[in-house]
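Colleague: The structure's right below; bear with me while I get my questions together.
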Amino acid sequence: MRRAVCPGSFDPVTNGHLDIVARASQLFDEVVVAVGVNKSKSKARLFTAEERMGMLDEVCSAFGNVTVAGFDGLLTTFCQERGIQAIVKGLRAVSDFDYELQMAQMNSSLTAVETVFIPTSPEYSFLASSLVKEVATFGGDVSSLVPSSVLGRLTERLEERRSEEDR
Ligand code: PNS
C-alpha cells in the first residue's frame, strides 16, 4: 500500500491545494491531508484547526482515497505512526524550492520518508492562502481561487472580524 501525506496549514484550503491533493490521489493508494494544529500559531489563524479540517473534509469527500487528519509536533512522527512513505508538496516557483528542499532533507534525515514535489498547475502558481485572505479582506474577488463552500465561510468570517473591530 503506497501512502502519502499532503501537509499544510490550509487557512483556508484553496483550489491550488485541491489540485495537488487530486493529483496525489492519482499517484498513491491512500492520501492523508494533514492539518498542522500547532497551538502556538493558532492566534494568527483566521480559522480554527477544527474549521480548517471541516472545510477540507467537505471538499475532499469526492476523492475515494483521501482522508483528513490533524497533526501536532513533527510531520515525520505522524508519517511513522501512520505508515506513510511519502510527503507530497506542491512547488509554485523557484522561490519555494530552497525552503522545501531543506525541509525534505531534514525530514528524510529524521526517518525513512521521501518528499515528492508536484509542480503547481500554472493557473495556481501565484496562489497562497495568505494572499486569498488579504485580497478578500479588502473586497477583492477570490471566487475563482477557493471552493465555493470555502468562499462562503471566508466571507462570513471576515464579516465577523469587521463587526468585532467596529465595536
Ligand atoms: O501550509 P504551510 O504553513 O506551509 O505548512 C507548513 C507545514 C505544516 C507543512 C510545516 O510547518 C510542517 O511540516 N510542520 C510540522 C513540524 C515539523 O515537522 N517541522 C520540521 C520540518 S523539517
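Colleague: Can you give the local net charge around Arg167? Use residues other than it whose beta-carbon is closer than 15 angstrom to its beta-carbon, Lys and Arg +1, Asp and Glu -1.
Modeller: Around Arg167, the surrounding residues sum to -3.
Colleague: Roughly how tilted is helix 15-27, in degrees to the nearest 10 and between 0 and 90, from the longest Cα axis of the chain?
Modeller: 20
Colleague: Checking the a/c ratio against 1.5 first, then a/b against b/c, what shape does the Cα gyration tensor give for segment 3-125?
Modeller: Rounded, because the longest to shortest axis ratio a/c is under 1.5.
Colleague: What net charge do the residues around Thr115 carry, taking every other residue with its C-beta under 9 Å from that of Thr115, with Lys and Arg at +1 and Asp and Glu at -1?
Modeller: Summing Lys/Arg as +1 and Asp/Glu as -1 gives -1.
Colleague: Excluding same-chain residues fewer than 8 positions from Lys43, which aspartates and glutamates have a Cα within less than 13 Å of its Cα?
Modeller: Reachable aspartates and glutamates: Asp11.
Colleague: About its Cα centre, how strong a charge dipole does segment 3-125 have in debye, to the nearest 20, once Lys and Arg get +1 and Asp and Glu get -1 at the Cβ?
Modeller: About 260 debye.
Colleague: On to the next question. Run the quick spin-label model on Ile118 and Glu51: label points 7 Å from Cα toward the beta carbon, then report their separation in nm to one decimal.
Modeller: Spacing of the two 7 Å Cα→Cβ label points: 2.7 nm.
Colleague: Sorted from fewest to most neighbouring beta carbons within 10 Å, what does the list Cys60, Cys79, Cys6 look like?
Modeller: Cys60, Cys79, Cys6
Colleague: Around Gln105, under 14 Å between beta carbons, what's the net of Lys plus Arg minus Asp minus Glu among the other residues?
Modeller: Around Gln105, the charge tally is -2.
Colleague: May I pose another question? Hey, what did the chain get for relative contact order, percent, Cα under 8 Å, at least 6 apart?
Modeller: Relative CO of the chain lands at 28 percent.
Colleague: Angle between the Cα long axis of helix 148-166 and the longest principal axis of the chain, 0 to 90 degrees, nearest 10?
Modeller: Around 50 degrees separate the two axes.
Colleague: Determine the relative contact order of segment 70-149: mean sequence separation of Cα pairs under 8 Å and six or more apart, normalised by residue count, in whole percent.
Modeller: 30
Coordinate-derived values only; no laboratory data. What you see is a predicted model, and the numbers here were worked out from it, not measured in a lab. Neighbour counts run over all protein chains shown; Cβ positions are idealised from the backbone, glycine included.
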